[in-house]
1. Just want the answer: with Cβ charges of +1 for Lys and Arg and -1 for Asp and Glu, which residue in Phe52, Pro24, Tyr99 is farthest toward the dipole's positive end in segment 1-104?
2. Tally Lys and Arg at +1 and Asp and Glu at -1 over the other residues with C-beta under 13 Å from the C-beta of Glu144: what net charge comes out?
3. Across segment 127-141, in residue order, what do the Karplus-derived ³J(HN,Hα) couplings come to in whole Hz, using 6.51 cos²θ - 1.76 cosθ + 1.60 with θ = phi - 60° and x for Gly and Pro?
4. Rule-of-thumb check for segment 1-88: C-alpha Rg over 2.2 N^0.38 Å?
5. Would you please calculate the Kirkwood hydrodynamic radius of segment 104-168 over all C-alpha pairs and express it in Å, rounded to one decimal?
6. I'd like the Karplus ³J(HN,Hα) series for segment 80-90: coefficients 6.51, -1.76, 1.60, θ = phi - 60°, whole numbers in Hz, and an x wherever there's a Gly or Pro.
7. As an exercise, use a Förster radius of 25 Å and the Cβ-Cβ distance of Ser115 and Glu12 to find the FRET efficiency, rounded to the nearest 0.05.
8. In the neighborhood of Ile135, defined by Cβ-to-Cβ distances under 12 Å, what is the net charge if each Lys or Arg adds +1 and each Asp or Glu adds -1?
Amino acid sequence: MTKDDRIIFYGEKLWISETDTIRPVSITDNIYTLQHQPARLSQSPDGSKLYFASRDKNIHELDLNTMLSRQLTSESIRTLRNPIVSDLGNYITYSSRGYGEPSKATEYLYSMKLSTASSFMIPTADTVSANGMYIENTSTVYYERLGNGLWKSQLDGSDQSIIDVNNNGGSPTSLFSFSHDLRYVIRWTNYPVFAIRIVDLLDASAIEYPVQESMNGSPLAELTRNNKLSNLCAKEQPE
């Protein structure tokens, strides 16, 4: 849903529709095809901009008022994906998928200042880090390290510390989002049962909601706007 309560549909392209009559209208240029599902979408806090990754390996910004888009990155080798807007809307974080030596899968974390479209790598302790969100109010970036839980640090990589010791994480296709008050972060776990994991950033406590296990998709979820944990909605996107 957009901030003005329109519906965004996405598959290989993006469509938008009013809610009184469902008539999807294409909103992406013909040259853009979204990455393989799940293609994570992220809105600016005021709802005017939408960020997505396309199969040209780059990150794009779509103005939801004019439906005009612009390419924010120029990448031809690695695959950039999963842009997540900061709490105040001045930055996005995204990850870069590729291979190191010897043929080892890597996923590096980046931040971009949107006013200048300048980006830089966020130093982390692993070669696979994903699902980063920068909280401008506290100058803190939260991200997942593959098999090493949920971490936080400054954008320059300093003050690294672990928030949630649950070992799942680091997959850019896994469930990851913040509540609107930025108190809770949503993750997932598959041990000992498949569950949605809600982490309270104030005291690092966690609550798990078991869900039906499936090996055929990747989970995505978010909290509803009233921030009640009981209204958690989990969605599974087919590969």
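Just so you know, all these numbers are worked out from the coordinates, no wet-lab data involved. Source: prediction; values computed, not measured. Positions of Cβ are backbone-derived with ideal geometry, glycine not excepted, and every protein chain shown enters the neighbour counts.
1. Going by the charge dipole, the pick is Tyr99.
2. So the surrounding residues net to +1.
3. 8, 10, 9, 8, 6, x, 9, 9, 9, 5, 4, 10, 6, 10, 10
4. In units of the globular-protein estimate, segment 1-88 measures up at 1.05.
5. Radius from the Kirkwood sum: 12.1 Å.
6. The phi angles translate into 8, 7, 6, x, 10, 7, 5, 5, 9, x, 8 Hz.
7. Here the calculated transfer efficiency is 0.25.
8. Here the count lands on -1.
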